[in-house]
Amino acid sequence: MLIKRGSKGTNVRTWQTFLIQQGLLSPPADGIFGPKTEQSTITYQRLHGLPPDGIVGPKTWSAAGLPELTIEQFKKLFPTNKEAAAWVKALNSILPKYDINTTLRIAAFLAQCGHESIGFTAVKENSNYSAEALTKTWPQHFPASIASQYARQPEKIANRAYANRMGNGSEASGDGWKYRGRGVIQLTGKDNYKAFANATGKTLEAVISYLETKEGAVESACWYWSTRNLNKYADNKDITGMTKIINGGTNGLADRQALYKKALSIFSS
């Protein structure tokens, strides 16, 4: 983290918003670090015993309670993930855009997404089910009498499982496979893809490709998080409440809570 005069972007806007909340800068937060933001930064630094250089480095950022995830922290939380640097870059770039910018919010987001994506390693739905698993998971769509016709055929499975719902067409349309779950909180169904496309100013086709990038996988989860007002639950440390919204129940609650506690411990060390 290093922002100074001439810097632009989301982190600048987050810093300006903080200064506005402190009564040290007049709105709006335009994302451009100009002379007024620099002077307000110097004022903040003097008030808090920091070197008054007008540069927002790690110490100034942390003093304001605006944490930035590090590669080391991510590795401690998800030790089996082999792409920590790329994930941290995407997370630090996108989380502030959705006001996921406090220790409690970031810890909750990482815990929920970490559980949903198996430590940020599974970002595309795997529909490779056995016949038995199909009947157990989707008894209405795959009764035992037909499950074997679909077993171990992911595209056919998705097309049937998600047909005629969430904005998808019939099984023959191929929408189930095209709009299958993608992202670290898996976005599923044509309606959700459309809504995310509209929110990010992208075409529907562009969103499909974007969701398979780390930035898209993170942003889709942030968008979902924002539209469900999950920051409110994070601020109240309500992991159970947000799990019910994300999961529709409390599946995996113990693991989500364990990841959350581990994240908070890592951030405080």
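Some values worked out for this structure:
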{"item": "Out of Ala195, Ala158, Ala206, Ala172, sole residue that is touching a Ser or Thr at 6+ places or on another chain (Cβ under 6 Å), without any contact (Cβ under 8 Å) to a residue 60 or more places away in the chain and either closer than 22 Å to Glu125 by Cα or assigned to a loop (DSSP other than H, G, I, E, B) (or both)", "result": "Ala158"}
{"item": "Condition check for Val207: surrounded by 20 or more Cβ atoms within 10 Å (Cβ to Cβ) and touching a Cys at 6+ places or on another chain (Cβ under 9 Å)", "result": "no"}
{"item": "Qualifying residue in segment 174-185 (condition: open to solvent by 60 Å² or more (accessible area, probe 1.4 Å) and over 19 Å from the mean Cα position of the chain (by Cα))", "result": "yes"}
{"item": "So Ala195, is it open to solvent by 50 Å² or more (accessible area, probe 1.4 Å), over 22 Å from Leu104 (Cα atoms) and among the hydrophobic types (A, V, I, L, M, F, W, C)", "result": "no"}
{"item": "Criterion: of a type in the set (Asp, Glu) and part of a loop (DSSP other than H, G, I, E, B) - qualifying residue of Glu212, Glu219", "result": "Glu212"}
{"item": "Top-ranked residue of segment 99-129 - restricted to ones that are touching a residue at least 60 places away in the same chain (Cβ under 8 Å) and among the hydroxyl-bearing types (Ser, Thr, Tyr), ranked as least open to solvent (accessible area, probe 1.4 Å)", "result": "Ser117"}
{"item": "Residue check, Lys8 in contact with a Leu (Cβ under 8 Å, 6 or more places away or on another chain) and surrounded by 13 or more Cβ atoms within 10 Å (Cβ to Cβ)", "result": "no"}
{"item": "Hits in segment 12-43 (condition: open to solvent by less than 40 Å² (accessible area, probe 1.4 Å), modelled with pLDDT under 90 and of a type in the set (S, T, N, Q))", "result": "Thr14"}
{"item": "Residues being in a loop (DSSP other than H, G, I, E, B), touching a helix residue (DSSP H, G or I) at 6+ places or on another chain (Cβ under 6 Å) and of a type in the set (Gly, Ala, Ser) - total across segment 175-192", "result": "1"}
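The values are calculated or read from the model by the stated rules, or taken from the named source; none is laboratory data. Values in this document were obtained by computation on a predicted structure and should not be read as measured data. No Cβ is skipped: glycine too gets one built from the backbone with ideal geometry, and neighbour counts run over all protein chains shown. Please note that ligands, DNA and RNA were not included when accessible areas were found on the heavy atoms of the full protein model with its side chains. Shrake-Rupley method; radii C 1.70, N 1.55, O 1.52, S 1.80 Å.
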